[in-house]
1. Determine the dipole magnitude for the chain: charges of +1 sit on the beta-carbon of Lys and Arg, -1 on that of Asp and Glu, nothing else is charged, the reference point is the Cα centre, and the result goes in debye to the nearest 20.
2. Among the GluC sites (Glu not before Pro) in the stretch 1-109, which ones are in a DSSP loop with at most 11 other Cβ atoms within 10 Å of the Cβ? Mind listing them?
3. Hey, could you grab the Kirkwood Rh for the stretch 113-252? Inverse mean 1/r over distinct alpha carbon pairs, Å, one decimal.
4. Mind checking the stretch 37-125 for chymotrypsin sites (Phe, Trp or Tyr not before Pro) that DSSP puts in a loop (not H, G, I, E or B) and that have at most 11 other Cβ atoms within 10 Å?
5. Per residue and in Å³, how big is the convex hull formed by the alpha-carbon atoms of the stretch 1-139?
6. Per residue, what volume in Å³ does the Cα convex hull of the stretch 179-255 take up?
7. Rounded to the nearest percent, how much of the accessible area of the stretch 177-255 (1.4 Å probe, protein heavy atoms only) is carbon and sulfur?
8. Over the chain, what relative contact order in percent results from Cα pairs under 8 Å that are six or more residues apart?
Amino acid sequence: MLRTPRALLLDFGGVLADAPPQPPNPPELVQRLFRLVGGAVPAEQIARDLTAGAQAYGLWRDEESAGEHPVELGHRQVWARFVAGGWPAPARAAVDREATPLAYAWTWHQQWAVRPGIPDALAAATRAGLPLAVVSNTTCGAAPRDFLAAAGLGTLFTAQLYSDEAGVRKPNPELARLAAQALGVPVADCWFVGDSRHRDVACARRAGAGAAVLMRSPRTDREEPLPALAPDAVVEDGHGLLALLRDAGVPAPAR
């Protein structure tokens, strides 16, 4: 049985919300970029460069996350380095000026949905007086923040820490420590809930979190197993997290 937490740190994708994979070059983003650069880059090339850029950015994130203190790139750096680097200078300048709204559009998933049981688990934690924080790697934190607000969950979180805003990415323990600091709770008294052994369990261990809880998602099964990063508990969804909280002495929400 896990020790009762005083706060929860929760990943966004795979924990609070999930969605089917979407193409890295959604047509609406391709057309937006095409209009932005005044047709200076053909739409077909924009689509190819978005696909290649997403792959290159993903490889960079994997390599960076293997280090001791991984950092995150800003929006302008992402576009210049992975997508628009070979475009004509006026097109690069136009993308640079709109880097943040473009990053938002590239991050937003139309199919995002709150994971089963998450509202009840968050309600139980809130009722018990446990402050909540989002701790997430993302290209643009404004997108998941807006999704949580639209889902009626945003006000439940005392803090939302996103890698693009903090400048560091999991498993850098600084992201978890900043979240715990924002909640006013020692990180040793926090449960860290994520769906990745490589990112979330590793971050929890490096930060000294009280417990690392792995919530299974499709990404969980795609990762190579890491015996050295075994979580303290494994749950399937928000219902499992609620049961774990109840086992630890956190009461279920009244209905």
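1. Numbers: 25 positive and 27 negative charges, 72 e Å.
Charge dipole, the chain, about its Cα centre: 340 debye, nearest 20.
2. Working: sites: 28, 44, 63, 64, 68, 72, 98; in loops: 68, 72, 98.
Loop-located and lightly packed - 68.
3. On the way: mean 1/r = 0.0659 Å⁻¹.
Kirkwood radius, the stretch 113-252: 15.2 Å.
4. Numbers: sites: 57, 60, 79, 82, 104, 106, 108, 112; in loops: 108, 112.
Loop-located and lightly packed - none at all.
5. Values: hull volume 19.7 nm³, N = 139.
So the per-residue hull volume is 142 Å³.
6. Cα convex hull per residue, to the nearest whole number: 105 Å³.
7. On the way: 1860 of 3620 Å².
Carbon and sulfur together cover 51 percent of it.
8. Details: 467 pairs, mean separation 68.7, N = 255.
Value for the chain: 27 percent.
The values are calculated or read from the model by the stated rules, or taken from the named source; none is laboratory data. Values in this document were obtained by computation on a predicted structure and should not be read as measured data. For neighbour counting, all protein chains shown are included, and Cβ atoms are generated from backbone atoms with ideal geometry for every residue, glycine included. These accessible areas exclude ligands, DNA and RNA; they are computed on the full protein's heavy atoms, side chains included. Shrake-Rupley method; radii C 1.70, N 1.55, O 1.52, S 1.80 Å.
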